[in-house]
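**Q** Encoded as C-alpha cells, here's the structure I'll be asking about.
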Amino acid sequence: MGVKKVVLILAFLGLFYLDGLPLCTASVVHNYTYVLKETNFTRLCSTKSMLTVNGQFPGPVLRVQKGDTAFVTVQNNGKYGVTIHWHGVKQPRNPWSDGPENITQCPIKPGKKFTYEVVFSDEEGTLWWHAHSDWSRATVHGAIVISPKNGTSYPFPKPYAEEVIILAEWFKGDVKEIIDEATATGGDPEVSDAYTLNGQPGYPNNCSIATTYRLRVIQGKTYLLRLINAGMNEEMFFAIAHHKLTVVAQDASYLKPINTSYVMITPGQTMDILVTANQSPSHYYMAARPFFDSNAPYDETNTTAIFQYVGNYTPPSSPSFPTLPNITAKSAADNFTTRLRALASKDHPISVPTGVDERIFITVSVNQLTCDKASCGGPNNSTLAASLNNISFSTPKIDILQAYYRNLSNVYESSFPNLPPSLFNFTGDSNGGLLLPSIGTKAKIIEYGKRVEIVFQGTSIGNPENHPMHLHGFSFYLLGTGYGNFNKTTSPKTYNLIDPPEVNTFGVPKSGWATIRFVANNPGVWFMHCHLERHASWGMNTVIIVKNGTTSATSIRPPPANLPTCS
C-alpha cells in the first residue's frame, strides 16, 4: 500500500518530554493499511495457505524517522482474531496500541479493523512488528526502519545502500493447528521444517535453490544490513562467507562497533550490521543456523541467501559457505554477546540508573503440570508448562489493560512476587518436586518513576536453556550476565554501569542469570515474556503495571474509540 505523509504542524517550538521519553517533536505522520488475509505460498515442494499482511511474506516494511507517528489500520480478513505488536516501540503513555492479545487489547475479529497509533520516541535504527496472537507471528511480521531525523546522521559513515534481512521459520503445517494440537495434548509442538532468509529457505533445502534470495552488491561499496530474528523458537548464528561484519546497533540503540565474522541473534532481537563488498566479484553465501543448548526438540537445518557481486565474471558452481559456529557452541555465543557495549556518545547518550528503588528477583523455569486427561504428551504423562517465579501465566478473557483502567475485578491479581516462593540451588537442583508451578494471572505493580532492577535467574528445572526475555514499553540496560546462581554480594561487582547495551530483548543464559535496570517512566500495562514462542505458550510470562504519575502528562492516555471488544 502507498504511504501518505502529512506534516504535523506544531503550535509551539521545542520538545516536550516525559522524563526522558520524547512524546512529540516536529514530526511526520504516516498512514499505512495492513490487510490480514490468507495467501498461498509454495516452499519445500509443497503449497499451503497462510495468514499474511498484504499478501506478503515477510510483510511490508514500516518506514519512519525518529520521533514520527504512524497510524496503521489493520483490516482482518483472516479466519480468526489477531493483534499486532510493534516490537521495541516504547509507545509513551499509549499501551492501547501495544498489541499483545488479552494483555492490552482483545483480538481484532475476522471482518473487523482497528487503527493502531504507533508513537515513536527515542528509537533509531531497526525494530520490527509482528502478530501477537497464538503463533500467528510465524507468518505475520515485518521490519520497522527508523531513520535519523532530518539534519542528523548515523554515528558512522553513511552506507551506499541498506537492506532488511529477516530470519524466520517455515512450517509445512498450519501454525495455529500446530500450537492448538500441542496445547490439547500437553506435549512439545512440532518443530519447523526449515528456516527462511527474507522468505526463502535457500540451499540446501529441497525445491528452494532456484528461489534463493539474492542481495546484489557493488564491489567496494558498504551496505547496512538490518537483521531481524523473527524466528519462533531458535536463536541463530549468522555470517557471510569471506566477509567481515561490523555490528553498530542492536534493538534500535547504537553500539560501539564490533568487528566480527559472525553474530548470534535471539528471537525478537534486531541488529544493524555494516558489511563492505571488498572481495573478488563472485557469489558468496549468507547463512544462518541455530544456536541451541538444550535437550528439547529443535530444527537442525540451515538457511542461505546469496551475496552476489554485480559485474561480468563466471559465477562459481557452488558459492563459498561461511564458517559458522557449531549449533551447540555456547562459547561462540558468549564470545559475541559479551562484547556488546552502548555507543554512549555525546549525540547518543545513555543514562544508567545508579540507584535502585525496586529490586525484583525472577526465576525462569520450564515446568510440568499434572495431566487432567486420560493421557498427556509431556514427560511421564504430564503437561508441559513454564513459569516466572514458579507462576505459570494464565491469559484472561478480558484484556488486563481495560481491567486496570476501568477497575474491573476478577481479571488479574496484583500479587506477582519480588522473589520466588522458595530458595534453592537454582542451577544445581532439578528435584522433581520443584517441577510443579502454580497457575495464575498475576501482575507486578510499580510506582511511576521508580528505578527498577530485575535479576532473571535460570534454573535447572525441566529442560534448561537460554531464554530470550522481552519487556514491552521499555528499553532497559543489560548490566551483566553470568553462569550459576546469582550472588547478591559478588555478582553486582561484575555489572557494567558505564556503557551497558540498551536493549528490549536479551538472553538469560542457560543455568545462569542476567540483570536489567530501567526507570519506570512509562505508565501503562506492559507484557513481559520469553520470546521462545513455545515457552510463552506454556506460561513464561507476566505483566508489569506502571502506575500513573502526578500529572496528566505522566498518565496513561484515554483509550481509542474503536478498541476491539472482548465479547
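The values are calculated or read from the model by the stated rules, or taken from the named source; none is laboratory data. All values derive from a computational prediction rather than experimental measurement. All Cβ positions, glycine included, derive from the backbone under ideal geometry; neighbour counts span all protein chains shown. These area figures cover heavy atoms from the full protein model, side chains too; ligands, DNA and RNA do not enter into them. Shrake-Rupley method; radii C 1.70, N 1.55, O 1.52, S 1.80 Å.
**Q** Heavy atoms only, probe 1.4 Å: what % of the accessible area of the chain goes to carbon and sulfur, would you let me know?
**A** C and S fraction of accessible area: 50 percent.
**Q** Got a sec to turn the phi values of segment 434-439 into Karplus ³J(HN,Hα) couplings, 6.51 cos²θ - 1.76 cosθ + 1.60 with θ = phi - 60°, whole Hz, x for Gly and Pro?
**A** 3J(HN,Hα) across segment 434-439, in whole Hz: 8, 6, 8, x, 8, 10.
**Q** Given H placed 1.01 Å from N in the peptide plane, which residues other than close sequence neighbours of Y34 have an amide H under 5 Å from its amide H?
**A** The answer is T73, V74, Q75.
**Q** Once amide H atoms are built 1.01 Å from N in the peptide plane, which residues 5 or more positions from A252, or in another chain, come under 5 Å H to H?
**A** For A252, whose amide H was placed from the backbone, the distant partners under 5 Å are T126.
**Q** Any idea what the relative contact order of segment 153-341 is, in percent, if you count C-alpha pairs under 8 Å spaced at least 6 apart? Please report the intermediate quantities before stating the final value.
**A** On the way: 442 pairs, mean separation 45.7, N = 189.
Over segment 153-341, the number comes to 24 percent.
**Q** Choose one of N205, I258, M232: the residue whose Cα lies farthest towards the positive end of the charge dipole of segment 153-341 (beta-carbon charges +1 Lys, Arg; -1 Asp, Glu; about the Cα centre).
**A** I258
**Q** Calculate the spin-label point distance for S438 paired with N380, positioning each point 7 Å from the Cα along the beta-carbon direction, and give it in nanometres.
**A** 2.3
**Q** Here's another thing I want to ask about it. How many lysine pairs does segment 26-151 hold where the Cα atoms are under 27 Å apart and the two sit 8 or more places apart or on different chains?
**A** Pairs that pass both the separation and distance tests number 19.
**Q** In terms of modelled amide H atoms, which long-range or inter-chain residues lie less than 5 Å from the amide H of V217?
**A** Q308, Y309, V310
**Q** Another question, if that's okay. For the peptides 89-98, 288-297, 471-480, 488-497, what is the packing order when you average, over each peptide's residues, the other Cβ atoms within 10 Å and list the highest mean first? Let's see the in-between values first.
**A** Numbers: 89-98: 26.1, 288-297: 18.9, 471-480: 23.1, 488-497: 12.4.
Listed from highest to lowest mean packing, they are 89-98, 471-480, 288-297, 488-497.
**Q** From Cα pairs below 8 angstrom and at least 6 apart in sequence, can you work out the relative contact order of the chain, rounded to a whole percent?
**A** On the way: 1557 pairs, mean separation 78.2, N = 567.
Value for the chain: 14 percent.
**Q** What is the dipole size for segment 26-151, taken about its Cα centre, with +1 at each Lys and Arg Cβ and -1 at each Asp and Glu Cβ, in debye to the nearest 20?
**A** Once rounded to the nearest 20, the dipole reads 340 debye.
**Q** Assign unit charges at the C-beta atoms only (+1 for Lys and Arg, -1 for Asp and Glu), then state the dipole size of the chain relative to its Cα centre in Debye, rounded to the nearest 20.
**A** My answer is approximately 1120 debye.
**Q** Could I ask something else about it? Taking θ = phi - 60°, what integer Hz values does the Karplus form 6.51 cos²θ - 1.76 cosθ + 1.60 yield along segment 114-125, in sequence order, with x for Gly and Pro?
**A** Taking θ as phi minus 60°, the curve returns 8, 9, 8, 9, 9, 9, 8, 10, 9, 5, 8, x Hz for segment 114-125.
**Q** Another question, then. Over all distinct alpha-carbon pairs, what is the Kirkwood Rh of segment 26-151 in angstrom?
**A** 14.9
**Q** On to the next question. Determine the percent antiparallel among the DSSP beta bridges restricted to the chain, to the nearest 5. Walk me through the numbers before you get to the answer.
**A** Working: 108 of 148 bridges.
Among the beta bridges of the chain, antiparallel pairing accounts for roughly 75 percent.
**Q** Any chance you could run the full-extension gain for R63 through E38? It's 0.36 nm times the residue separation minus the Cα-Cα distance, nm to one decimal.
**A** Computed gain between R63 and E38 is 6.6 nm.
**Q** Ignoring everything except DSSP H segments at least 4 long, calculate the 222 nm mean residue ellipticity for the chain; use -39,500 (n - 2.57) per segment, divide by total residues, nearest 500.
**A** Using -39500 (n - 2.57) per qualifying helix, the result is -1500 deg cm²/dmol.
**Q** Separate question: With the contact rule set at Cα under 8 Å and sequence spacing of 6 or more, what percent relative contact order holds for segment 422-567?
**A** Relative contact order comes out at 31 percent.
**Q** What number comes out for accessible area per residue over the chain if the probe is 1.4 Å? Units Å², please.
**A** 38
**Q** Here's another thing I want to ask about it. Could you give the length gained on full extension between S153 and T370, defined as 0.36 nm per residue of separation minus the Cα-Cα distance, in nm?
**A** Here the answer is 72.5 nm.
**Q** Once R0 is set to 51 Å, what does the formula 1/(1 + (r/R0)^6) return for the Cβ-Cβ distance between I327 and T551, expressed as a FRET efficiency to the nearest 0.05?
**A** Taking R0 as 51 Å, the efficiency between I327 and T551 is 0.50.
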